[in-house]
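K.L.:
Have a look at this one.
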Amino acid sequence: MKRRPSARVVRAVLVRLGASVLVLWGAVTASFAALQAVPGEVVDSIVGTNDVTPEVRAQIIAEYGLDRPVLAQYGTFLNRILHGDLGRSYRLDQTVGEAIGSQLAASLRLTTAGIALALLVATVLALLTARRGRRVRALSSGIELVGVSVPGFWAGILLLTVFSFQLGWFPATGGSGPSGLVLPACAIAIPVGALLTQVMREGLERALEQPFVLTARSRGMSDGGVRLRHALRHALLPVVTLAGWLFGALLGGMVVTEQIFSREGIGRLVVGAVESKDLPVVMGVVLVTATLYVLVNIALDLLYLVIDPRLRGAR
Amino acid sequence: MAPTLFMTRRPVIPGILSAGALVLVLALTGCGGSGDDAAADAGRPVEGGTLVYGVDGEPLDLDPHKSPQDIAALWARPVLDSLVALDARGGLHPWLATSWEVSDDRKTYTFKLRQGVRFSDGTPFDAAAVKANLDHIVDPATKSQMAAGQIKPYQGTEVVDAHTAKVTFSKPHAPFLAAVSTVFFGIQSPAQLKKGPDALARQIVGSGPFVIDKYTPRQGIVYKRNPDYRWGPANAAHTGPAHLERLEFKLLNTDSVRFGALNSGQVDAIASVPPSSLKLLERNPKLKYDKRQAPGGNYNYYPNTTKGPFSDVRVRRAFRDGVDYKTVVGKLYFGAYQAASSPLSPSTLGYDKTTETLWRYDATAAGRLLDEAGWTGRDAEGYRTKDGERLTVHMLSVRTIDREQRGTLAEQIQAEAKKIGFDLQIDRGTVNEYIARFGKGDYDVAAISWQRADADALRNLFDTGSISDGTRLTQNIARYSDKDVDGWLARALDTNDQAARAELYAKVQKKVTEDAAVVPIYTPTYLVGFAKTVGGISWEAQAFPTFYDSWKTGK
């Protein structure tokens, strides 16, 4: 009987992977279509408004196959992707693989640090405030509301002004070093942490109303023990789901944080690419982030099984 | 610096330099700095140390032969020397070329080259290197977005002997010396050029006072001193290696962050001090600033003279005279940028001061002009109408690559224009939408600044041949066409008589002002803020700072 659940898990993962490929194909196709719809010729976005000679213009058109029908360009693109080749950027004198590869690590570091910090803060805050007195909860909710609604730009500037320009604790730009990671990670953790705290506290409060809590308490378990050992597990499920979604959303939407803290990253890469209609880079980023998102979600599905043993036996 | 469509210093839209047509006296008038010389505080030059410069943009590509961005010029200058040097007053000086001869028909340029110069990779600089560089620029595989366009009639370079290079053009090409003085024609090591565009995009090798030590896209670049440097330009303040041991450009895109980094002492100098921070800077006893007005076309609005309401000169005049641009500019930029009153910046050779007085702000007169033009009605919202149609004009704008708060500027102008009955619509879109509509002339008004050292910038802005035709994006945004103006512009290229040129350019400036083919807004100004421990920041002719003569004192 012990094997069946794990075989089921393997099959579930395979089904998920198959569905993911379809999702990825859809994402790539949709963004290809969207970018085609943007007015303006690609060759113009490569040369900008510059005074290029006709020979150079012809060279660019030939090099990127821009004179071919859109469907043929799409076909070539799909075919190359199947062979692991993301193509070549129109603007960067780099292959898309190089361009993304050089930025991805920085983005992953920042996203991971930001979410980890947010999870930590949310767990501590939620454990401390769930089903506490009115005033404690009101204060906490107030802070969370501010945290969720404060614009990322403003939070970033504020952090820099206080902790870098005035106190001098952290550099305004630290590249990828640990000291340079603190402030940007905080900037991300503020809204994310606030959101997660709300969700987690709600989960905790619901769990604390359950009969098993009463049972645990009646066995003489301390309040802290009940919260940590029993309620937290229940509260974690929705939080993990949300954190997975946030990971995907953040990876694509870190432009502001990257810009303010002068960091490398996917966000700035993709903004520049969209502006200049650098099709191969946009597609590459869509594909890579979608893949990561899918992988993270599969990993989270597996994590559920760890968090809630009951799911292992379920259909 | 290279002027760009949007004058952006961000790497999105590259620009065009088309350097000065003829190298003449460039009067950098009205370019007052913050007052006293930088050297007054930093004292005498000090050897060694690292200067950290916070910049507000990075080039897409380090190779200036390919990249047209002004920011590429800033980044490549520490590494690349030029054949000749152009000073801020327009004078030419020897650099890698000790002397040069121009044939009478202006088709052949013979350079005598300096001996004993070596690239930082150890290879020697010689006539073959000059040939390799010019050939590299015109090679279609380089995909040069500007430099090649500046030497279109280029035929070839002959290596006469190791230290003599002869450059030939198929037709007279007077702008050549001005062009080769710019970084876009900087001399690179032929060995590095051979490595191809991908390598050059990230690493350029020259004979300059600095060598690239580490380049990290989206973060910055570090240069280290070239200890063997003995061949600075003849107009530099010193000879021999650079004073600084290291020079570092740190990318700080966000204005407030860049200023905060300077104010808190994390960097030694910053590019583009936000005008709103100037007062704060002045209050900090450790800081000072210097500025240069860029020569060439001001940041101007250009009404489309070929279609819509602005095809009527009276409506164009009303739009120019009826809005108090001076007050808008003064308030928005806290006085940091000078409001413009002519098509050209006052620091441009050939600037005609009399155009400043050809028109003035007069809302009442503007109203009369609109009445004359038939826009006599008023609708419920207060806009003027003619035959039931509202006086609406569409302006092209791309918010994402806006710099110097030009989007806010447009909104304030929009509000002011409403007072005299104009419905100014700001059409915001992507760069590609902009380019598509720009090429077809699908707008009523658009705006650019156009930096060039010489009044020949007028040819880009107002010559009939410079109207975009859909395949070529050019800079006559007003789509202005006038036989007299075309004639004067052509004649100005044909003569070396400075007085005659100035007279011809003055005629052009007067004519386009009379025809209201341009609405002057403000003069782009490069503002460098720096700690008083920094000395010797000098300026290129095209108004960007250079660091060969710079130093930093201990405290």
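The values are calculated or read from the model by the stated rules, or taken from the named source; none is laboratory data. All of these numbers come straight from a predicted model, not from anything done at the bench. Neighbour counts are summed over all protein chains in view; Cβ atoms, including those assigned to glycine, are modelled from backbone coordinates with ideal geometry. Accessible surface is based on the protein model in full, side chains and every heavy atom, while ligands, DNA and RNA are left aside. Shrake-Rupley method; radii C 1.70, N 1.55, O 1.52, S 1.80 Å.
K.L.:
Could you list, in sequence order, the residues of the stretch B:505-525 that are surrounded by 24 or more Cβ atoms within 10 Å (Cβ to Cβ) and farther than 21 Å from B:Ile477 by Cβ?
P.N.:
If the condition is that a residue be surrounded by 24 or more Cβ atoms within 10 Å (Cβ to Cβ) and farther than 21 Å from B:Ile477 by Cβ, then no residue fits.
Matching residues to (1) away from chain A (no Cβ under 14 Å); (2) within 25 Å of the chain's Cα centre (by Cα):
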| position | (1), (2) |
| --- | --- |
| B:Asp362 | yes, no |
| B:Arg368 | yes, no |
| B:Gly407 | yes, yes |
| B:Lys418 | yes, no |
| B:Gln425 | yes, no |
| B:Thr430 | no, yes |
| B:Tyr434 | no, yes |
| B:Asp442 | no, no |
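K.L.:
Among the listed residues A:Ala299, A:Ala290, identify the single one that is closer than 27 Å to A:Leu17 by Cα, among the small types (Gly, Ala, Ser) and open to solvent by 40 Å² or more (accessible area, probe 1.4 Å). Don't jump to the end; show me each part of the working.
P.N.:
Values: A:Ala290 fails: open to solvent by 40 Å² or more (accessible area, probe 1.4 Å).
Just one listed residue meets the conditions, A:Ala299.
K.L.:
Which number in (1) open to solvent by less than 10 Å² (accessible area, probe 1.4 Å); (2) at pLDDT 95 or above marks the one condition that B:Val431 misses?
P.N.:
Of the numbered conditions (1) open to solvent by less than 10 Å² (accessible area, probe 1.4 Å); (2) at pLDDT 95 or above, the odd one out for B:Val431 is (2).
K.L.:
Hey, could you check the stretch A:72-90 for residues that are of a type in the set (Ser, Thr, Tyr) and part of a loop (DSSP other than H, G, I, E, B) and say which is least open to solvent (accessible area, probe 1.4 Å)?
P.N.:
Among residues in the stretch A:72-90 that are of a type in the set (Ser, Thr, Tyr) and part of a loop (DSSP other than H, G, I, E, B), the one least open to solvent (accessible area, probe 1.4 Å) is A:Ser89.
K.L.:
Taking the stated definitions as given, is B:Asp469 on the phi < 0 side of the Ramachandran plot, assigned to a helix (DSSP H, G or I) and touching a helix residue (DSSP H, G or I) at 6+ places or on another chain (Cβ under 9 Å)?
P.N.:
No, not satisfied.
K.L.:
Something else: Restricting attention to the stretch A:180-187, does a residue exist that is modelled with pLDDT under 85, within 13 Å of chain B (Cβ to nearest Cβ) and open to solvent by less than 40 Å² (accessible area, probe 1.4 Å)?
P.N.:
Yes, because at least one residue in the stretch A:180-187 is modelled with pLDDT under 85, within 13 Å of chain B (Cβ to nearest Cβ) and open to solvent by less than 40 Å² (accessible area, probe 1.4 Å).
K.L.:
Next question, about the same structure. Quick check on B:Gly186: is it farther than 17 Å from B:Pro64 by Cβ, surrounded by 16 or more Cβ atoms within 10 Å (Cβ to Cβ), in contact (Cβ under 8 Å) with a residue 40 or more places away in the chain and small (Gly, Ala, Ser)?
P.N.:
Details: farther than 17 Å from B:Pro64 by Cβ: no; surrounded by 16 or more Cβ atoms within 10 Å (Cβ to Cβ): yes; in contact (Cβ under 8 Å) with a residue 40 or more places away in the chain: yes; small (Gly, Ala, Ser): yes.
Answer is no for this residue.
K.L.:
Have a look at B:Arg368, B:Arg399 and point out the one that is at pLDDT 90 or above and basic (Lys, Arg).
P.N.:
Of the residues listed, the single one that is at pLDDT 90 or above and basic (Lys, Arg) is B:Arg368.
K.L.:
How about the stretch B:368-385: which of its residues are assigned to a strand (DSSP E or B) and open to solvent by 70 Å² or more (accessible area, probe 1.4 Å)?
P.N.:
B:Arg378
K.L.:
Under 30 Å from B:Thr239 (Cα atoms), in contact with a strand residue (DSSP E or B) (Cβ under 6 Å, 6 or more places away or on another chain) and of a type outside the set (Asp, Glu): does that describe B:Ser449?
P.N.:
It is false that B:Ser449 is under 30 Å from B:Thr239 (Cα atoms), in contact with a strand residue (DSSP E or B) (Cβ under 6 Å, 6 or more places away or on another chain) and of a type outside the set (Asp, Glu).
K.L.:
Same structure, new question: Kindly provide the set of residues from the stretch B:443-457 that are more than 24 Å from B:Val393 (Cβ to Cβ) and among the hydrophobic types (A, V, I, L, M, F, W, C), ordered by number.
P.N.:
B:Ala453, B:Ala455, B:Ala457
K.L.:
Which one of these does B:Phe119 not meet: (1) at pLDDT 95 or above; (2) touching a helix residue (DSSP H, G or I) at 6+ places or on another chain (Cβ under 8 Å); (3) within 27 Å of B:Ser170 (Cβ to Cβ); (4) not acidic (Asp, Glu)?
P.N.:
Against the list (1) at pLDDT 95 or above; (2) touching a helix residue (DSSP H, G or I) at 6+ places or on another chain (Cβ under 8 Å); (3) within 27 Å of B:Ser170 (Cβ to Cβ); (4) not acidic (Asp, Glu), B:Phe119 comes up short only on (3).
K.L.:
A further question on this structure: When you check A:Thr241 against the structure, is it within 22 Å of A:Thr197 (Cβ to Cβ) and within 12 Å of chain B (Cβ to nearest Cβ), yes or no?
P.N.:
No, not satisfied.
K.L.:
Taking the conditions exactly as written (open to solvent by 10 Å² or more (accessible area, probe 1.4 Å), away from chain A (no Cβ under 14 Å) and modelled with pLDDT under 95), does B:Asp104 satisfy them or not?
P.N.:
Yes; evaluated as a whole, the condition is true for this residue.
K.L.:
While we're looking at this one, here's another question. Could you please find all residues in the stretch B:107-151 being open to solvent by 50 Å² or more (accessible area, probe 1.4 Å) and polar (S, T, N, Q)?
P.N.:
Residues satisfying the conditions are B:Gln115, B:Ser120.
K.L.:
With respect to B:Glu404, determine if the residue is part of a loop (DSSP other than H, G, I, E, B), farther than 30 Å from B:Asp494 by Cβ, charged (D, E, K, R) and touching a residue at least 24 places away in the same chain (Cβ under 8 Å).
P.N.:
Against the criterion (part of a loop (DSSP other than H, G, I, E, B), farther than 30 Å from B:Asp494 by Cβ, charged (D, E, K, R) and touching a residue at least 24 places away in the same chain (Cβ under 8 Å)), B:Glu404 qualifies.
K.L.:
So for the stretch B:152-165 (the condition being aromatic (Phe, Trp, Tyr), within 14 Å of chain A (Cβ to nearest Cβ) and open to solvent by less than 10 Å² (accessible area, probe 1.4 Å)), does at least one residue qualify?
P.N.:
No, the stretch B:152-165 contains no residue that is aromatic (Phe, Trp, Tyr), within 14 Å of chain A (Cβ to nearest Cβ) and open to solvent by less than 10 Å² (accessible area, probe 1.4 Å).
K.L.:
I'm told A:Val56 meets every condition in (1) β-branched (Val, Ile, Thr); (2) more than 14 Å from every other protein chain (Cβ to nearest Cβ); (3) out of contact with any Gly (no Cβ under 8 Å at 6 or more places or on another chain) except one. Can you identify the failing condition by its number?
P.N.:
(2)
K.L.:
Can you confirm whether B:Ala201 is part of a helix (DSSP H, G or I), surrounded by 18 or more Cβ atoms within 10 Å (Cβ to Cβ) and within 14 Å of another protein chain (Cβ to nearest Cβ)? Spell out how you get there, then give the answer.
P.N.:
Numbers: part of a helix (DSSP H, G or I): yes; surrounded by 18 or more Cβ atoms within 10 Å (Cβ to Cβ): yes; within 14 Å of another protein chain (Cβ to nearest Cβ): yes.
Here the answer is yes, as B:Ala201 does meet what is asked.
K.L.:
If we scan the stretch B:489-497, do we find a residue that is in contact with a strand residue (DSSP E or B) (Cβ under 7 Å, 6 or more places away or on another chain) and crowded, with 17+ Cβ neighbours inside 10 Å?
P.N.:
Within the stretch B:489-497 (the criterion being in contact with a strand residue (DSSP E or B) (Cβ under 7 Å, 6 or more places away or on another chain) and crowded, with 17+ Cβ neighbours inside 10 Å), the answer is no, since none of the residues qualifies.
K.L.:
Every residue in the stretch B:159-181 that is assigned to a loop (DSSP other than H, G, I, E, B) and modelled with pLDDT under 90, please.
P.N.:
Going through the stretch B:159-181, the residues assigned to a loop (DSSP other than H, G, I, E, B) turn out to be B:162-163, B:170-175, B:181.
The answer is B:Lys171, B:Pro172, B:His173, B:Ala174, B:Pro175.
K.L.:
For the stretch B:68-78, name all the residues that are within 13 Å of chain A (Cβ to nearest Cβ) and either closer than 14 Å to B:Gln203 by Cβ or among the aliphatic types (A, V, I, L, M) (or both).
P.N.:
B:Ala72
K.L.:
For the stretch B:472-485, enumerate the residues that are open to solvent by less than 40 Å² (accessible area, probe 1.4 Å) and either assigned to a helix (DSSP H, G or I) or not charged (D, E, K, R) (or both).
P.N.:
B:Leu473, B:Thr474, B:Gln475, B:Asn476, B:Ile477, B:Ala478, B:Tyr480, B:Val485
K.L.:
Taking the residues in the stretch B:407-424 that are free of Cβ contacts under 8 Å to residues at least 40 places away in the same chain and among the hydrophobic types (A, V, I, L, M, F, W, C) as candidates, determine which candidate is nearest to B:Leu332 (Cα to Cα).
P.N.:
B:Ala410
K.L.:
Considering each of A:Ala235, A:Ala273 in turn, give the residue that is open to solvent by less than 10 Å² (accessible area, probe 1.4 Å), among the small types (Gly, Ala, Ser) and within 14 Å of another protein chain (Cβ to nearest Cβ).
P.N.:
So the residue among A:Ala235, A:Ala273 that is open to solvent by less than 10 Å² (accessible area, probe 1.4 Å), among the small types (Gly, Ala, Ser) and within 14 Å of another protein chain (Cβ to nearest Cβ) is A:Ala273.
K.L.:
So, in the stretch A:91-150, of the ones that are of a type in the set (Asp, Glu) and part of a helix (DSSP H, G or I), which residue ends up farthest from B:Asp198 (Cα to Cα)?
P.N.:
Among those residues, the one meeting the criterion is A:Glu144.
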